[in-house]
Each structure stands twice: as C-alpha cells, then as structure tokens.
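One structure is given below, encoded as structure tokens.
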Amino acid sequence: MIQVLYEDNHLIAVNKPWGVLVQGDQTGDLTMADYVKQYIKDRYNKPGAVYLGIPHRLDRVVSGLVIYARTSKALERMNAMFREQEVEKTYYAVVEELPIEWKDTLVHYIEKDKAKNVSKAYDFQSNRAKNAKRSELSYEVLSNLGNHTVLKVNPKTGRPHQIRVQLSKVGMPIKDDVKYGYSKRNKREGIYLHCRSMAFMHPVKKERVEIFANTPDDQIWDNFSHLWED
C-alpha cells in the first residue's frame with residue numbers, strides 16, 4: 001500500500017494513490033497518514049505514538065507525492081516554506097481539450113465554499129468575491145495522443161483545488177473531474193491529476209532535495225510514461 005520515496009529523521013515522502021485521504025475527515029476512512037505512522041512504527045519498533053506533521057495536502061481524488069514531517073521542527077519550517085512559496089511543485093494533468101496556448105501562465109482569484117467543498121475562480125477580485133485570493137500557475141503541453149493531452153503544471157500558489165479550478169476556468173477540465181466541469185462520470189475515486197515532484201531546501205540539513213513520484217499504474221498514464229520515467 002505504501003510507497004516510500006524519501007526518508008530521513010526529519011521527513012518522509014510517499015506516493016499517494018488516488019482515492020486515499022492525506023489526513024482524516026468526517027468519513028473516518030483510513031488515511032495516508034495512518035499508513036505512514038504504521039510504517040514508521042513497524043520499521044523502527046516505536047513503542048508509543050508516532051509523531052507525524054502534515055505541511056501540505058493533496059485532494060483525495062489526486063495522486064502523487066505527499067511529504068510528511070517526522071519532527072515538530074521540520075513541520076514548522078516546511079509550513080513556512082510552503083507558505084512563502086519556496087517549494088517548487090510539478091504536477092501532470094490529462095485534459096481532453098488542446099489549449100490555445102501550448103505554454104502559458106494563468107492568474108485568477110480563487111474563493112472556496114467550505115460548506116460545499118468547491119472552489120470558484122474569478123478573473124479579478126470584486127465585491128462579489130471579496131475573500132478570493134490571487135492564484136497563479138504556469139503550464140506547458142508535454143504531449144498529445146488522440147483526445148488526451150498531458151500538461152506539465154507548476155503552481156506558484158497553493159489554493160484549495162487550485163489546478164483543478166484554474167484549468168477548468170480556461171476550458172480545460174481535468175479528465176474525470178466532474179466537480180470542475182468534466183462531462184463524463186468515472187467509476188474510480190480519482191482524476192487525472194498527479195503530483196509528480198517537489199524540490200526544496202531541506203528544513204534541517206539545508207541541502208537541496210528533489211523528490212519524484214511515478215504516475216499511477218493506469219492505461220492512460222502508461223501511454224505517456226515514457227516522457228518522464230527512466
């Protein structure tokens with residue numbers, strides 16, 4: 001179940017499958033954090049509770065790289081790095097609409113409706129969306145095959161559902177993401193958005209760390225995997 005991508009005394013990074021929560025919610029379902037804690041407990045024969053901090057999150061329907069902190073010091077510093085946009089994040093997204101611009105930067109203002117768990121993107125801030133926050137990402141087309149196009153996406157900010165809502169706003173909903181405009185429902189608990197990599201200065205060791213997570217074992221992802229896997 002758990003694929004560990006990076007591990008030391010301060011951090012642990014795993015490749016989260018789609019359909020799995022990063023942390024607990026009202027469903028009470030087992031989470032990636034639960035699996036990681038059990039892994040640490042078993043690997044190091046920890047007798048008591050395992051500390052695990054969560055500096056960032058992926059939506060349940062999104063797959064890919066998740067970083068957890070193993071110490072409070074690492075958590076505090078990673079929180080600050082994510083907040084100050086010092087973590088370089090790369091995602092891959094599959095869409096069915098070819099973009100007009102094959103490489104572009106998108107800027108919107110995003111506001112989340114917490115009651116409905118849905119975000120809305122606006123072209124500018126106004127009285128209608130006073131709490132909307134500036135959101136920026138860049139994308140480029142990696143490849144196109146039939147009616148599937150893979151985008152490489154680099155979000156600069158980290159707003160709720162940011163990539164999903166911004167791509168949908170410009171007419172490119174992510175495949176299977178019915179919440180944000182994709183027309184056909186799917187049977188799986190996932191969409192074609194994958195956190196591929198993160199790069200940052202280690203919060204304690206002060207050395208550059210770059211971590212990669214392979215895409216899920218899936219026919220559509222497999223059609224493009226030669227672009228990024230060894």
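Nothing in this text is a laboratory measurement; each read-out follows from the coordinates by a stated rule. What you see is a predicted model, and the numbers here were worked out from it, not measured in a lab. All Cβ positions, glycine included, derive from the backbone under ideal geometry; neighbour counts span all protein chains shown.
Helix-only mean residue ellipticity at 222 nm, the chain, DSSP H runs n ≥ 4 weighted -39,500 (n - 2.57), per residue, nearest 500. What is it? List each step's numbers first, then the result.
Details: 4 runs with 38 residues, N = 230.
The helix-only estimate for the chain comes to -5000 deg cm²/dmol at 222 nm.
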### Message
Springs between alpha-carbon pairs under 10 angstrom, Gaussian network model over the chain: which of R185, R60, R70 fluctuates most?
### Response
R185
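Please identify the trypsin sites (Lys or Arg not before Pro) of the stretch 104-151 that satisfy two criteria: DSSP loop assignment and at most 16 other Cβ atoms within 10 Å. Which are they?
Numbers: sites: K112, K114, K116, K120, R128, K130, K133, R134; in loops: K114, K116, K130.
In loop regions of the stretch 104-151 (DSSP not H, G, I, E or B), the sparsely surrounded trypsin sites (Lys or Arg not before Pro) are K114, K116, K130.
Under 8 Å for C-alpha pairs, at least 6 residues apart: give me the relative contact order for the stretch 4-227, rounded to a whole percent.
On the way: 446 pairs, mean separation 49.1, N = 224.
Result for the stretch 4-227 is 22 percent.
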### Query
Expressed as a whole number of Å, what is the distance separating the alpha-carbon centroids of the stretch 185-201 and the stretch 37-99?
13
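Within 10 Å of each candidate Cβ there may be at most 15 other Cβ atoms; applying that plus a DSSP loop requirement, which GluC sites (Glu not before Pro) in the stretch 143-230 survive? It would help to have the intermediate numbers written out before the result.
Details: sites: E189, E207, E210, E229; in loops: E189, E207, E229.
Here the sparse-neighbourhood loop sites are E189, E207, E229.
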### Nearest-0.05 FRET efficiency for N117 and A199, computed from C-beta distance (R0 35 Å)
0.75
### Dipole magnitude (debye, nearest 20) for the chain, charges at Cβ of Lys, Arg, Asp, Glu
940
### Query
So which residue, out of G171, G181, G48, gets the largest mean-square fluctuation from a GNM of the chain using Cα contacts under 10 Å as springs?
G48
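How much of the DSSP bridge set in the stretch 4-227 is antiparallel, in percent, rounded to the nearest 5? Write out the running numbers ahead of the final one.
Values: 48 of 51 bridges.
Counting only bridges with both partners in the stretch 4-227, antiparallel ones make up about 95 percent.
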### Among the listed pairs K112/K179; K156/K184; K16/K41; K130/K156; K112/K175; K73/K152, those beyond 23 Å (Cα-Cα)
K156/K184; K73/K152
### Query
Under DSSP H, which helices of the chain have Cα atoms covering 20 Å or more of the helix axis and a Kyte-Doolittle average no less than -1.0?
none
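Looking at the chain, what % of the alpha carbon pairs are farther apart than 24 Å?
It works out to 46 percent of all Cα pairs.
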#### Entry: For the stretch 110-230, radius of gyration divided by Kirkwood radius, i.e. Rg to Rh on alpha-carbons
1.00
### Task
Using label points projected 7 Å from each Cα along Cα→Cβ, tell me how many nm separate N154 and L98, to one decimal.
2.5
